[in-house]
Amino acid sequence: MCTLFWDRKGVLIVDFLPQGSTINPGGVVMIHDNARPHTAAATKNLITTFGWEQFDYPPYSPDLAPSDFHMSLHLKTFLAGRQFHDDNEVKEAVTTCFESHAASFYDEWIQKLVQRYDKCLYNGGNYVKK
């Protein structure tokens, strides 16, 4: 699993969970879309037992999920057709992809996200099309 933190100036952190490891963080605020597995009572109860806070998210729209929509698309294109011999090669390629973009690449999408969030809010939280 790769965790990516980025802002309008570029990549802040690219971190990889070691194979076979699990996550046990404290002080977590969950921000996820309203997909059925995320909104199921069992999932909500489990998150509550961990003592995690949940942040309400507007109805899922790919335009409102910058990492899902924007970063994953570019990573998929960057990795297309490549073969890797081990995990380290994959990690290096993923990190190279994320760090190879200029600040304008990240800034552009953050600015678009603000406009898309506004569009969603003014639409009563309903699905937003491009």
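Numerical summary
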item	result
Where Met71 falls short, out of the listed (1) in contact with a strand residue (DSSP E or B) (Cβ under 7 Å, 6 or more places away or on another chain); (2) at pLDDT 85 or above; (3) of a type in the set (A, V, I, L, M)	(2)
Selection from the stretch 3-23 of residues that are touching a helix residue (DSSP H, G or I) at 6+ places or on another chain (Cβ under 6 Å) and over 18 Å from Asp107 (Cβ atoms)	Val14, Phe16
Residues of the stretch 68-97 that turn out to be among the small types (Gly, Ala, Ser), touching a helix residue (DSSP H, G or I) at 6+ places or on another chain (Cβ under 9 Å) and exposed (fewer than 12 other Cβ atoms within 10 Å of the Cβ), as a count	0
Residue, farthest from Leu113 (Cα to Cα), within the stretch 4-23, restricted to residues that are surrounded by 10 or more Cβ atoms within 10 Å (Cβ to Cβ) and at pLDDT below 85	Leu4
Options Val90, Val94: the member that is at pLDDT 80 or above, under 17 Å from the mean Cα position of the chain (by Cα) and within 22 Å of Trp6 (Cα to Cα)	Val94
Of all residues in the stretch 24-68 being more than 27 Å from Gln111 (Cβ to Cβ) and among the hydroxyl-bearing types (Ser, Thr, Tyr), the one that is modelled with the highest pLDDT	Thr49
Residue in the stretch 98-106 that is over 12 Å from Trp6 (Cβ atoms), surrounded by 15 or more Cβ atoms within 10 Å (Cβ to Cβ), modelled with pLDDT of 85 or more and within 16 Å of the chain's Cα centre (by Cα) present	no
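The values are calculated or read from the model by the stated rules, or taken from the named source; none is laboratory data. All of these numbers come straight from a predicted model, not from anything done at the bench. FYI the Cβ positions are ideal-geometry reconstructions off the backbone, even for glycines, and counts take in every protein chain you see.
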